[in-house]
Amino acid sequence: MPKPSLVDSLEPEQRAAFERELNRRNFADYDGLVGWLDANGFEISRSSAYRHGAKLKRRIQAVKNSTEAARMIAEAAPDDSDLRSAAVISLVQSELFDVMVSLQDLNEAEPAERVGLLKEAAKSVLDMTRASVLQKKLAQDVRAAIRLEARAEAAEDLTQGLKNDGISEALEASIKRILLGK
């Protein structure tokens, strides 16, 4: 097992400063970055900085690519019923289940480490379950709004047609009340 990266051992504030500097330098000028690291009391080699920078740049690019792809898909194929979100949630839930099963087979890990990993996995499952419930509630609300709009249009069409035939205002109100549930 490789030794942990020096970057991973930094305090969160230090790591954030280091990553801001990497980004400011556009993930280049690692010689200048080493000077900045030394001036700011970081004991990180050029190769460690480069490895971390390359990994961070890949992650940022992956997020940008995913965001752009999602934007393009949303523009090309609107998803009012939010089926894509349901599919993504289902995929992530499956992956989390696989991870939890794998964690149960992790015999060489210390018990405290296993508990910590299981706790994190359980929190992720809880978050995904919550997202799934919210997604289903949103889909239900959208369907209800569509039904109500359709009934309102039907009531308007019906009463407009009957007004031409001399329907009373009381009968018009009754029809709307029945169709709209008001």
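Please determine, by comparing only the residues of segment 153-170 that are hydrophobic (A, V, I, L, M, F, W, C) and more than 19 Å from G181 (Cβ to Cβ), which one is surrounded by the most Cβ atoms within 10 Å (Cβ to Cβ).
In this case the residue turns out to be I167.
Per-residue answers, yes or no, for (1) loosely packed, with under 12 Cβ neighbours inside 10 Å; (2) modelled with pLDDT under 85; (3) in contact with a Ser or Thr (Cβ under 9 Å, 6 or more places away or on another chain); (4) not in a helix (DSSP H, G or I):
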{"position": "G41", "(1), (2), (3), (4)": "yes, no, no, yes"}
{"position": "M72", "(1), (2), (3), (4)": "yes, yes, no, no"}
{"position": "I89", "(1), (2), (3), (4)": "no, yes, yes, no"}
{"position": "F97", "(1), (2), (3), (4)": "no, yes, no, no"}
{"position": "L117", "(1), (2), (3), (4)": "no, yes, no, no"}
{"position": "L126", "(1), (2), (3), (4)": "yes, yes, no, no"}
{"position": "K137", "(1), (2), (3), (4)": "yes, no, no, no"}
{"position": "A144", "(1), (2), (3), (4)": "yes, no, no, no"}
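Taking A112, is it of a type in the set (A, V, I, L, M), within 30 Å of E13 (Cα to Cα) and either at pLDDT 80 or above or assigned to a helix (DSSP H, G or I) (or both)?
Yes: the conditions hold for A112.
Just one of (1) under 27 Å from L126 (Cα atoms); (2) at pLDDT 70 or above trips up V7, so point out which.
With respect to (1) under 27 Å from L126 (Cα atoms); (2) at pLDDT 70 or above, V7 is out only on (1).
Only one of L33, L56, L22, L37 is in a helix (DSSP H, G or I), farther than 30 Å from V133 by Cβ, modelled with pLDDT of 80 or more and in contact with a Gly (Cβ under 6 Å, 6 or more places away or on another chain); which?
Exactly one of L33, L56, L22, L37 is in a helix (DSSP H, G or I), farther than 30 Å from V133 by Cβ, modelled with pLDDT of 80 or more and in contact with a Gly (Cβ under 6 Å, 6 or more places away or on another chain), namely L22.
The values are calculated or read from the model by the stated rules, or taken from the named source; none is laboratory data. These figures come from a predicted structure and were not determined experimentally. Ideal geometry is used to build each Cβ from the backbone, glycine not excepted, and the neighbour counts take in all protein chains shown.
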